[in-house]
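K.L.:
Supplied in structure tokens, the structure appears directly below.
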Amino acid sequence: MLYEHLSEVEKYKYTTIQSCIQGDITNDEAASRLGIQKRQVQRLKRAVETNGIEGIRHRLKDKVSNNHLAVKTEKQVVDFLKQKKHRDFGPTFAQEKLLEVKKISLGVDTVRAIMIRNHIWKPKPERTKSVYRHCREPMATYGQLVQFDGSYHDWNEDGHQECLLLAIDDATSSIPKAVFEDNEGITAVFRFWWHYVEQIGRPLAIYLDKFSTYKVNHKNAEDNHSLMTQFERVMKELDIKLISAHSPQAKGRVERSFCTHQDRLVKELPLATITTREAMNTFLQITYLPKHNELFARAPKESGDAHRPLTPAQTDQLPSIFSRHYTRVVHNDFTIQWNNRWFQLEETQRVTVYRKDDLLIEERLDGTIHLRKGDVYLNFVELSSRPRPDRRTKQTALTHKPHKPSANHPWRKYML
């Protein structure tokens with residue numbers, strides 16, 4: 001090989017090694033110039049003395065690497081990822097599915113390089129952080145803090161948005177419960193947390209945003225702490241502390257989790273050919289969440305479970321606790337008006353009820369209505385229409401004329 005065929009880096013390395021061989025510079029000086037170790041300089045000197053200028057070049061230059069990917073394997077990967085249902089896979093998810101479906105075991109970096117080389121995936125540019133945010137240390141024990149939120153998305157890619165309600169544990173990043181619902185309203189949230197406290201227990205605290213379901217967003221609420229939402233009232237009865245986040249970044253664990261699900265779950269559901277919500281929730285609980293927790297959950301700093309079981313009294317009162325509560329006043333005819341509906345209290349009750357008493361109305365999740373005074377439930381019937389006052393009594397009172405004594409009445413004798 002001629003000297004002119006070497007690259008500029010190889011020419012400089014060859015000249016330096018020749019100077020070292022001739023004794024113009026020491027091995028240490030040569031190592032400093034080339035940015036290598038002294039033992040590598042000694043190896044290069046022996047190679048040049050044995051093979052001449054060929055000794056300066058790496059033996060695998062212009063040759064295929066011993067660990068190169070077979071052309072046939074790369075073609076299988078490309079054909080798999082170019083299918084319509086796999087086109088939007090990211091490198092990590094694609095690597096998992098290649099192993100699961102095609103039994104092709106490759107590293108994520110290798111799959112990423114193949115996807116970039118074949119224009120299947122384009123890397124996103126790194127975003128520069130404009131605001132510095134201090135990273136909060138996760139909680140030490142499972143169940144100390146649970147982050148909760150809802151995400152609207154076309155999860156099944158059928159043109160219809162579903163709301164994914166999700167709770168993620170702060171200490172382990174595991175997802176103890178998630179469910180698809182129509183919305184993030186109070187009824188759906190009540191159903192979610194009813195099942196959560198029954199199956200898992202009561203966490204010490206819940207971290208959530210300031211959505212109207214969870215917090216009274218009114219200036220008067222800052223000075224009047226008695227203003228509570230239905231959700232705040234339920235959590236107070238269950239002795240669960242609520243923490244309101246002032247920004248999405250504050251509850252970043254659940255926000256980042258939704259980004260992961262919007263990338264992975266929307267691909268898993270069509271692959272499983274799931275169409276109904278019931279099937280979606282079954283797949284979520286039985287298949288997706290266990291696999292997700294196995295991949296992304298981590299061990300907590302301290303062992304144990306901070307969830308508290310329900311007391312027997314709380315278990316019996318769950319239908320009452322997870323119901324909407326309203327206060328109404330008893331009318332003079334012992335009726336109650338609520339939501340354009342009228343209820344007549346029966347005469348026989350376990351507790352004395354007076355006019356103008358404040359009664360509590362429970363609108364339960366099963367649609368039934370219950371009235372109670374204190375802890376005692378009252379007997380009542382619902383009226384088909386608004387009760388009308390007794391007009392005969394009212395008319396008699398208005399048309400009654402005072403008695404006028406006759407002219408010879410004894411009372412008139414004394415008027416003269």
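K.L.:
In 10 Å bins starting at zero, report the fraction of Cα pairs in region 45-85 per bin as a rounded %.
P.N.:
All Cα pairs, binned at 10 Å, distribute as 23, 25, 20, 16, 12, 4 percent.
K.L.:
Whole-Hz ³J(HN,Hα) for each residue in region 150-165, computed from phi via Karplus 6.51 cos²θ - 1.76 cosθ + 1.60 with θ = phi - 60°, x for glycine and proline: what do you get?
P.N.:
Along region 150-165, the couplings run x, 9, 8, 6, 7, 5, 9, 6, 10, x, 10, 7, 10, 9, 8, 8 Hz.
K.L.:
Computed FRET efficiency, Cβ-Cβ of HIS58 and THR368, R0 60 Å: what is it to the nearest 0.05?
P.N.:
The value I calculate is 0.15.
K.L.:
Using the 2.2 N^0.38 Å rule of thumb for compact globular proteins, work out how region 318-363 stacks up: its C-alpha Rg over that value, please.
P.N.:
Working: Rg = 11.3 Å, N = 46, 2.2 N^0.38 = 9.4 Å.
Normalised Cα radius of gyration, region 318-363: 1.20.
K.L.:
Seen from all sides and averaged, what is the projected area of the convex hull of the Cα atoms in region 90-129, in nm²? All intermediate terms of the calculation are to be shown ahead of the outcome.
P.N.:
Values: hull surface 12.8 nm².
So the Cα hull casts an average projection of 3.2 nm².
K.L.:
Region 102-186: which trypsin sites (Lys or Arg not before Pro) are DSSP loop and have at most 11 other beta-carbon atoms within 10 angstrom?
P.N.:
LYS103, ARG127, LYS129, ARG133, ARG136
K.L.:
Shifting gears a bit: For region 3-56, give the magnitude of the charge dipole about the Cα centre (Cβ charges: +1 Lys/Arg, -1 Asp/Glu; no others), in debye to the nearest 20.
P.N.:
Roughly 280 debye, rounded to the nearest 20.
K.L.:
Oh, and also: Take the eigenvalues of the Cα gyration tensor for region 145-296, scale each by 5, and report the square roots as semi-axes in whole Å, largest first. Write down the numbers at each step before the final one.
P.N.:
Details: eigenvalues 156, 52, 43 Å².
Output for region 145-296: semi-axes of 28, 16, 15 Å.
K.L.:
Determine the principal axes of the Cα atoms in region 63-178, then give the extent along each, sorted from largest to smallest and rounded to whole angstroms.
P.N.:
Taking the Cα atoms of region 63-178, the three principal extents are 56, 36, 31 Å.
K.L.:
So if R0 is 25 Å, what FRET efficiency would GLU278 and ASN118 give, r being the distance between their Cβ atoms, rounded to the nearest 0.05?
P.N.:
0.05
K.L.:
Moving on to the next point. Report, as a whole number in µm² per second, the diffusion coefficient that Stokes-Einstein gives for region 323-392 at 4 °C and 1.567 mPa s using the Kirkwood radius over alpha carbon pairs.
P.N.:
103
K.L.:
Something else about it: Starting from the Kirkwood radius over alpha-carbon pairs of the chain, derive D by Stokes-Einstein at 10 °C in a medium of 1.306 mPa s and give it in µm² s⁻¹.
P.N.:
Rounded to a whole number, D works out at 54 µm²/s.
K.L.:
In addition: Taking Cα atoms of region 246-296, Rg/Rh with Kirkwood Rh, to two decimals?
P.N.:
1.05
K.L.:
Just to be sure I understand the model, the point goes 7 Å from the Cα along the line to the Cβ. What's the resulting ALA250 to ASN332 distance in nm?
P.N.:
5.1
K.L.:
My understanding is that a pair violates if its Cα-Cα distance is over 31 Å; which of LYS124/LYS251; LYS63/LYS267; LYS11/LYS63; LYS236/LYS373; LYS210/LYS356; LYS45/LYS72 do that in this structure?
P.N.:
On the way: LYS124/LYS251 24 Å; LYS63/LYS267 40 Å; LYS11/LYS63 20 Å; LYS236/LYS373 20 Å; LYS210/LYS356 36 Å; LYS45/LYS72 41 Å.
Too far apart for the 31 Å limit: LYS63/LYS267; LYS210/LYS356; LYS45/LYS72.
K.L.:
Computed from the mean reciprocal separation of all distinct C-alpha pairs, what Kirkwood hydrodynamic radius does region 1-116 have, in Å?
P.N.:
After inverting the mean inverse Cα-Cα distance, the result is 17.6 Å.
K.L.:
Can you give the angle from 0 to 90° between the axis of helix 8-21 and the longest principal axis of the chain, with both taken from C-alpha atoms, to the nearest 10?
P.N.:
With rounding to tens, the tilt is 50 degrees.
K.L.:
Calculate how steeply helix 186-199 sits against the longest principal axis of the alpha-carbon atoms of the chain, using the helix alpha-carbon long axis, and give the answer as 0 to 90 degrees to the nearest 10.
P.N.:
70
K.L.:
As an exercise, identify the trypsin sites (Lys or Arg not before Pro) in region 178-281 lying in DSSP coil whose Cβ has no more than 13 other Cβ atoms within 10 Å. Provide the component values of the computation, followed by the final result.
P.N.:
On the way: sites: ARG191, LYS210, LYS215, LYS219, ARG233, LYS236, LYS241, LYS251, ARG253, ARG256, ARG264, LYS267, ARG277; in loops: LYS210, LYS215.
In loop regions of region 178-281 (DSSP not H, G, I, E or B), the sparsely surrounded trypsin sites (Lys or Arg not before Pro) are LYS210.
K.L.:
Kindly put TRP193, TRP121 in sequence by how many other C-beta atoms sit within 10 Å of each C-beta, fewest to most.
P.N.:
Fewest to most other Cβ atoms nearby, the residues stand as TRP121, TRP193.
K.L.:
Can you compute the charge dipole magnitude of the chain about its Cα centre, using +1 on each Lys and Arg Cβ and -1 on each Asp and Glu Cβ, nothing else charged? Give it in debye, rounded to the nearest 20.
P.N.:
Result for the chain is approximately 940 debye, rounded to the nearest 20.
K.L.:
A follow-up question, please. Could you tell me how many degrees, from 0 to 90 and to the nearest 10, lie between the Cα long axis of helix 71-81 and the main elongation axis, the longest principal axis, of the Cα atoms of the chain?
P.N.:
20
K.L.:
Test of understanding: express the Cα radius of gyration of region 71-117 as a ratio to 2.2 N^0.38 Å, with N the residue count. Numbers along the way, then the final one.
P.N.:
On the way: Rg = 9.2 Å, N = 47, 2.2 N^0.38 = 9.5 Å.
Rg over 2.2 N^0.38 Å, computed on Cα atoms: 0.97.
K.L.:
On to the next question. Using θ = phi - 60° and the Karplus curve 6.51 cos²θ - 1.76 cosθ + 1.60, what whole-Hz ³J(HN,Hα) does each residue of region 40-53 get, with Gly and Pro shown as x?
P.N.:
After applying 6.51 cos²θ - 1.76 cosθ + 1.60, I find 6, 5, 4, 5, 5, 4, 5, 5, 6, 5, 8, 10, x, 5 Hz.
FYI, it's all coordinate maths here, none of it is from the lab. From a predicted model like this one, the values you see are computed outputs, not experimental measurements. When we count neighbours, we look across all protein chains shown, and the Cβ atoms used for this are built from the backbone with ideal geometry, even at glycine.
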